[in-house]
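Reviewing the structure listed below.
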Amino acid sequence: MHRVENKDSIIITFTGTLDNGEVFMEINADAPMQVIIGESELPPTVESGIMGMTRGQTRKIRVPPEEGYGPRLKELVHEVPLKSFGEKIIPKPGMILSQKAEKDGIEQRVPATVIEVKENSVVIDYNHPLAGHDLTYSLTVVEIIKPN
């Protein structure tokens with residue numbers, strides 16, 4: 001029976017959940033994912049957790065925030081004037097906005113979540129929604145393809 005080793009191409013399915021049970025991502029058997037172990041396609045904790053698994057085996061692997069979407073950073077939460085939204089956008093808590101941001105001289109659009117709407121201002125969070133969370137993957141190896 002083959003076990004997953006470095007440089008193997010594997011086909012996997014998984015369900016990613018948060019500690020509260022919320023599913024944040026699911027790759028099912030209808031559209032499985034193929035990755036090569038050792039190519040940094042997966043977080044290191046996931047790759048090491050897959051090593052030694054056999055075809056059909058399922059394992060739960062927990063990924064800390066540092067390997068997932070990073071820690072929640074307070075400096076990425078900003079309060080902006082309500083009037084800066086104009087009349088076209090009425091911000092509401094939970095709303096995802098696309099904001100312009102400049103990094104290294106290049107203007108990009110980044111998602112931001114409205115956290116709170118006050119009388120004259122809006123609190124916006126630029127952290128990724130999964131930042132600061134431990135991520136748990138219930139992962140199944142569907143196929144192991146050994147390199148030639």
- Within the range 58-88, report the trypsin sites (Lys or Arg not before Pro) that DSSP leaves as loop and that have at most 16 other Cβ atoms within 10 Å. Arg72, Lys88
- Count the net charge of all other residues whose Cβ sits under 13 Å from the Cβ of Asn127, scoring Lys and Arg as +1 and Asp and Glu as -1. 0
- Message: Excluding same-chain pairs closer than 8 in sequence, count the lysine pairs in the chain whose Cα atoms lie under 30 Å apart.
- Response: 21
- Query: Once the other residues with Cβ under 13 Å from the Cβ of Thr45 are scored (Lys, Arg +1; Asp, Glu -1), what is the net sum?
  - Reply: -1
- Nitroxide proxy distance, nm - points 7 Å out along Cα→Cβ at Ser40 and Ser9: 2.1 nm
- Item | Local electrostatic count, Gln34, Cβ distance below 13 Å [Lys/Arg +1, Asp/Glu -1] | -4
- Task: Return Asp104, Asp125 ranked ascending by Cβ neighbour count within 10 Å, so the fewest neighbours appear first.
- Result: Asp104, Asp125
- With the Cα gyration tensor of the range 1-59 giving a ≥ b ≥ c as the square roots of its eigenvalues, does the rule (a/c under 1.5 for rounded; else a/b larger than b/c for prolate; else oblate) give rounded, prolate or oblate? prolate
- Of the candidates Met53, Ala101, Val123, the farthest towards the positive dipole end of the chain (Lys/Arg Cβ +1, Asp/Glu Cβ -1, centred on the Cα centre) is Met53
- Distance in nm between pseudo-label sites at Ser138 and Phe24 (7 Å out along the Cβ direction from Cα): 1.7 nm
- Query: Once you treat every alpha carbon in the range 74-125 as an equal point and sum by Debye, what is log10 I(q)/I(0) at q = 0.14, 0.19 Å⁻¹?
  - Reply: -0.36, -0.64
- Label-to-label distance, nm, for residues given as Leu82 and Arg62 (7 Å Cα→Cβ offset): 4.3 nm
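Read-outs: derived from the displayed coordinates by stated rules, not from any lab. Here the structure is a predicted model, which is why all the values come from computation and not from measurement. So basically every Cβ, Gly included, is an ideal-geometry build from the backbone, and we count neighbours across all protein chains shown.
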